[in-house]
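What follows is a set of notes on a single structure, which appears directly below.
The values are calculated or read from the model by the stated rules, or taken from the named source; none is laboratory data. It should be emphasised that the depicted structure is a prediction, and the values quoted were computed from it without experimental measurement. FYI the Cβ positions are ideal-geometry reconstructions off the backbone, even for glycines, and counts take in every protein chain you see.
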Protein chains: 4
Amino acid sequence: MPPTPPVPERRPHTGRRRNEAARQAILAAARRLLAAGGGEPVTVDSLAREAGIGKQTIYRWWPSKGAVLLEALTSTARDQVSTPDTGALESDLAAFLCDLFQAGTAPDNAAMLGTLLAEAARDPQVADLLRDFTRTRRGDLRTIVERARERGETAAGTDVDLLVDQAFGVYWFRFLSGHAPLTPEVARTLARTLALGAR
Amino acid sequence: MPPTPPVPERRPHTGRRRNEAARQAILAAARRLLAAGGGEPVTVDSLAREAGIGKQTIYRWWPSKGAVLLEALTSTARDQVSTPDTGALESDLAAFLCDLFQAGTAPDNAAMLGTLLAEAARDPQVADLLRDFTRTRRGDLRTIVERARERGETAAGTDVDLLVDQAFGVYWFRFLSGHAPLTPEVARTLARTLALGAR
Amino acid sequence: MPPTPPVPERRPHTGRRRNEAARQAILAAARRLLAAGGGEPVTVDSLAREAGIGKQTIYRWWPSKGAVLLEALTSTARDQVSTPDTGALESDLAAFLCDLFQAGTAPDNAAMLGTLLAEAARDPQVADLLRDFTRTRRGDLRTIVERARERGETAAGTDVDLLVDQAFGVYWFRFLSGHAPLTPEVARTLARTLALGAR
Amino acid sequence: MPPTPPVPERRPHTGRRRNEAARQAILAAARRLLAAGGGEPVTVDSLAREAGIGKQTIYRWWPSKGAVLLEALTSTARDQVSTPDTGALESDLAAFLCDLFQAGTAPDNAAMLGTLLAEAARDPQVADLLRDFTRTRRGDLRTIVERARERGETAAGTDVDLLVDQAFGVYWFRFLSGHAPLTPEVARTLARTLALGAR
DNA sequence: TCATAAACGAGACGGTACGTCCGGTCTTCTT
DNA sequence: AAGAAGACCGGACGTACCGTCTCGTTTATGA
């Protein structure tokens, strides 16, 4: 998810090219700072200093600080959640949710998400990016449910979107308010409930 | 919900008393600003100017800007959600969720909530207050489910917390990401699903 | 020469008043920094830090950094040059120029002037203020010459302005280019030359 | 006065040779920008854009931005001041000063000088170059006075440096502060005064 | 009735972060 | 090798807010 999608340029590019090392340094610094304190602010200056680059290099490539943080998060989290296919809805859900809960409660990720939500709340652009990210994850879960439907595991009138949102809803709601844990145990119970409800 | 509960002072009060008009002016201004733009910042200065009062009057009675905003929201939203008792879990849930969804999608409330979440994300104190607020609402829903359990409408091993969080999860998740609506129709479907799952 | 001349306000001022201590702290810090290095930049941040005040307090009362520096200089230099009255043009000139040269070559003043000129060069507003300051000093010298004219010490067609500018010209030209010294010896020679030329 | 004098290279030149057109384009652009606004900043980027060349081409041949600006000025002004030899000090001075004043008050030159002084004030290197430039002009005037001395037109104890600095001092002082004009009339009066003073 | 004390509108204050601008250097591709 | 294009680091700029701190004024007691 690079912020400057590779518009297939016809013109042979002239001038110095974007420094990939700088880009990686910025993202790495963002990950370090996001994970470091308990949701500490992560200022642009601290980010630039940590990465050893100039502030302008950040603003040249990302529209806002939050966009950097989001990319730092998503590029990390992309491969931490699988889309299992065990042949049964409940076990697929259980596997998916266990992964999701685990990724969301790993201290680093949790700190990053918390800080990121703070950015999203004040920067609409980040909020959009975050929604995009969420949409992708939703798609993964939808795939699992669709497969089950094709296998005939779900009743006719099942509202797939609603089912998916119940799963993610529990995840986000507990993540945000923290009033109850996100253990594998909970993941399995939720998987059972949802699978039952879909029949 | 005055933030400074009237500690029963021994010493007979002297000096000018709190100006209730100022308090109301602040809350009204907060509601106006929260509802106005699409999640615009609502600075303390703008709040004071809008209310026609001095900044100190805000900080004299509330611990932070967010606390004002939260009180502005909750004092509005308090009575928009009922705790119905129809004698059947599904209809109780449906009534509760219809109210919840309706309150959450009313344009003013939605704008206020959005802006407030932005504050919560950066001000831990507001986040706590917001959690308190949420806890109250959760308690209402729990009450409904508990009543159903006493009537024998739920299975033995039902995880009441999880059930409640599915309901609120759908609400918050859709509210935040906006990828799907929060219609009464959805509320009824969700109520049916949850009631079925509880059996 | 306060930046906010005392407009005789009719309205009884409301709100906190300007903090004179802060104003003095800023000017003192400016003098310290101007005198410190050999014409080092004096950034606004360093000025604020040195004075222990917020940047905004500077920008609230002065239009630009240079305006602060100029006021710091002029409030110091105001009383270092006298307007002597010995009864003879040459000795008056000699006294005046000795003072002028001495004030201009004192290490602190020289450093301050140098740094200030750098500001004046890029900030037209400071240039104007500097011109005002210069105009005042010119006036002092003119007074001396006028007095001599009234005593009949000058020829009829003497161009007083030109005479004054020759004196200040030597001062500034040598100060800026530094190719020759500004000793009392030179001051006396110049005084003699000018007095002779005026006859 | 090219900054890189053509050292007679022994090594048979390899690679592309210096592009004289680029050099001229840079100087022309500098003159245009210097003369354009009322002392506007003239950034390196704007200079490169105006000249249609890359920034590096500037820094390959000049040590700093100000050096370019100075060369742009001096290469223009070089031949605008003559060193006349009429056989009499006063008329020589008058001719010299008329030229000097005229060159310094031509709108373009004035704008260029103003902008350049701004650079000199913040860039010591430019200040040095500017001093060099001034020294050359001073040398011209000294020559005039020395010739007069050889002809016996000056008194024994005349301080030639001081005389020269009176002339240039008037010029710079009036140029900088702008409080009085630099007309040919003034030039002639000044010439007469100085010639008288030297006897 | 008057002194005292608190609340108020106004707004200056110290401080932190922001996003922009510019100078001088470095890198890429073309000539 | 020189040039055009332009990304890079570093650092100052001027602005926006926050939460605190005076000011002078207003209002309610208790002496």
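Which of the numbered conditions does A:Val42 fail, given that it passes all the others? Conditions: (1) part of a loop (DSSP other than H, G, I, E, B); (2) in contact with a Pro (Cβ under 6 Å, 6 or more places away or on another chain).
Only one criterion in (1) part of a loop (DSSP other than H, G, I, E, B); (2) in contact with a Pro (Cβ under 6 Å, 6 or more places away or on another chain) is unmet by A:Val42, namely (2).
Quick one: what pairs do we get from region C:55-68, first residue within 14 Å of chain D (Cβ to nearest Cβ) and within 19 Å of C:Leu113 (Cα to Cα), second more than 9 Å from DNA strand E (Cβ to nearest atom) and of a type in the set (A, V, I, L, M), C-beta under 6 Å, 6+ apart or different chains?
C:Lys65/C:Val44; C:Gly66/C:Val126
Conditions tested, residue by residue: (1) without any contact (Cβ under 8 Å) to a residue 40 or more places away in the chain; (2) in contact with a Leu (Cβ under 6 Å, 6 or more places away or on another chain); (3) within 23 Å of A:Leu27 (Cβ to Cβ); (4) surrounded by 15 or more Cβ atoms within 10 Å (Cβ to Cβ).
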{"position": "A:Asp85", "(1), (2), (3), (4)": "no, no, no, no"}
{"position": "A:Pro124", "(1), (2), (3), (4)": "yes, no, yes, yes"}
{"position": "A:Arg135", "(1), (2), (3), (4)": "yes, no, yes, no"}
{"position": "A:Gly139", "(1), (2), (3), (4)": "yes, no, no, no"}
{"position": "A:Ile144", "(1), (2), (3), (4)": "no, no, no, yes"}
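Can you work out which of the residues in region D:50-67 that are β-branched (Val, Ile, Thr) and crowded, with 18+ Cβ neighbours inside 10 Å is farthest from DNA strand F (Cβ to nearest atom)?
D:Ile58
Of all residues in region A:70-89 being within 16 Å of DNA strand E (Cβ to nearest atom) and in contact with a Phe, Trp or Tyr (Cβ under 9 Å, 6 or more places away or on another chain), which is modelled with the lowest pLDDT?
Checked region A:70-89; the qualifying residue modelled with the lowest pLDDT is A:Leu70.
Taking into account only those residues within region A:23-54 that are over 23 Å from B:Ala121 (Cβ atoms) and more than 8 Å from DNA strand E (Cβ to nearest atom), which is nearest to the other protein chains (Cβ to nearest Cβ)?
A:Arg49
Of the residues A:Arg188, A:Arg151, which is modelled with pLDDT under 95 and in contact with a helix residue (DSSP H, G or I) (Cβ under 9 Å, 6 or more places away or on another chain)?
A:Arg151
Tell me whether region B:9-18 contains one or more residues that are of a type in the set (Val, Ile, Thr), at pLDDT 90 or above and either surrounded by 12 or more Cβ atoms within 10 Å (Cβ to Cβ) or within 12 Å of DNA strand F (Cβ to nearest atom) (or both).
No, there is no match, as no residue in region B:9-18 is of a type in the set (Val, Ile, Thr), at pLDDT 90 or above and either surrounded by 12 or more Cβ atoms within 10 Å (Cβ to Cβ) or within 12 Å of DNA strand F (Cβ to nearest atom) (or both).
For the structure I just gave you, tell me whether C:Ala120 is among the small types (Gly, Ala, Ser) and at pLDDT below 90.
yes
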